[in-house]
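Novice: There's a structure below that I have some questions on.
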Amino acid sequence: MPKIAEKVTVIIGDIVVQTVDAIVNAANNSLLGGEGVDGAIHRAAGNELLEECRKLGGCPTGEARITKGYNLPAKWVIHTVGPIWRGGMYREDEMLYRAYQSSLELAQKYDIRSIAFPAISTGAYGYPIEKAAGIAVRSVLDFLRETDKINNVIMVCYNQTAFHTYSEALLQYSRQ
Ligand code: APR
């Protein structure tokens, strides 16, 4: 397996307990919290996270913003907004690809070496998980080919199905 893909691992777990430099939040445009990953991260980080998010003025889909991690083991939270799946005719693939790229660009800017992603857009935002997994892996591998600053990317899946799908996607794209 080429060196690049060795920097990426897929696990089953809860993103809030990951002991990495930064965890990525699957947020919405308001950045004011929600359910799923968003709810779990805000609950684990504590109220100071919401206080800092309030000052950010939201985040467009496909972009990312960074805050401190507060009570989380991770030092940073990178909030990104994935696209809502609307059938594939509204540049969803491009927006999802951008969400991973924007998060990694921010991570690099902040000298973050290890980062954990959830399966962005595959929950409340309804993205078909096979498509989302392929886009996620392609975006991460494309970014890692351009830089050696980030040396550990963890895709944190919340269930067996997601774990299998993201593992398959990583295997497939790392062969290319
Ligand atoms: N750790 C890791 N993965 C998790 C966790 C967790 N604690 N909780 C949920 N997941 C998984 C879900 O199973 C799903 O596969 O994260 C994936 C993304 O699901 P969502 O959190 O619903 O995120 P998304 O589909 O991007 O929708 C974002 O939901 O919570 C709101 O405010 C958020 O409006 C935004 C929308």
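Okay, residues lined up against (1) in a helix (DSSP H, G or I); (2) at pLDDT 95 or above; (3) within 13 Å of the ligand (Cβ to nearest atom):
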residue	(1), (2), (3)
SER102	yes, yes, no
ALA107	yes, yes, no
TYR125	no, yes, yes
GLU130	yes, yes, yes
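Novice: Let me ask something else about it. Kindly evaluate THR161 against the criterion of being surrounded by fewer than 18 Cβ atoms within 10 Å (Cβ to Cβ), within 13 Å of the ligand (Cβ to nearest atom) and more than 13 Å from the chain's Cα centre (by Cα). Show your work before the answer.
Specialist: Numbers: surrounded by fewer than 18 Cβ atoms within 10 Å (Cβ to Cβ): yes; within 13 Å of the ligand (Cβ to nearest atom): yes; more than 13 Å from the chain's Cα centre (by Cα): yes.
Against the criterion (surrounded by fewer than 18 Cβ atoms within 10 Å (Cβ to Cβ), within 13 Å of the ligand (Cβ to nearest atom) and more than 13 Å from the chain's Cα centre (by Cα)), THR161 qualifies.
Novice: Got at least one residue in the range 85-103 being closer than 15 Å to ILE15 by Cα and touching a strand residue (DSSP E or B) at 6+ places or on another chain (Cβ under 8 Å)? So that I can check it myself, show each step before the final result.
Specialist: Within the range 85-103, the first condition is being closer than 15 Å to ILE15 by Cα, and the residues that meet it are none.
Within the range 85-103, none of the residues are closer than 15 Å to ILE15 by Cα and touching a strand residue (DSSP E or B) at 6+ places or on another chain (Cβ under 8 Å).
Novice: Residues in the range 138-149: is at least one more than 14 Å from TYR97 (Cα to Cα), of a type in the set (Ser, Thr, Tyr), modelled with pLDDT of 95 or more and surrounded by 19 or more Cβ atoms within 10 Å (Cβ to Cβ)?
Specialist: No, the range 138-149 contains no residue that is more than 14 Å from TYR97 (Cα to Cα), of a type in the set (Ser, Thr, Tyr), modelled with pLDDT of 95 or more and surrounded by 19 or more Cβ atoms within 10 Å (Cβ to Cβ).
Novice: Here is a follow-up. Report those strands (runs of 3 or more DSSP E) wholly inside the range 1-74 carrying at least 3 residues which are within 10 Å of the ligand (Cβ to nearest atom) and buried (at least 16 other Cβ atoms within 10 Å of the Cβ).
Specialist: 22-26
Novice: Something else now. Among the residues in the range 96-116, are any buried (at least 19 other Cβ atoms within 10 Å of the Cβ) and on the phi > 0 side of the Ramachandran plot?
Specialist: no
Novice: Next up: List, please: which pairs have Cβ atoms under 7 Å, are six or more places apart or on different chains, and start with a residue in the range 69-80 that is closer than 12 Å to GLN18 by Cα and end with one that is in a loop (DSSP other than H, G, I, E, B) and among the small types (Gly, Ala, Ser)?
Specialist: Listed by first residue and then by second, the contacts come to LYS75/GLY69; TRP76/GLY69; VAL77/GLY69.
The values are calculated or read from the model by the stated rules, or taken from the named source; none is laboratory data. As the structure is a computational prediction, the values presented were derived from the model and not from experiment. FYI the Cβ positions are ideal-geometry reconstructions off the backbone, even for glycines, and counts take in every protein chain you see.
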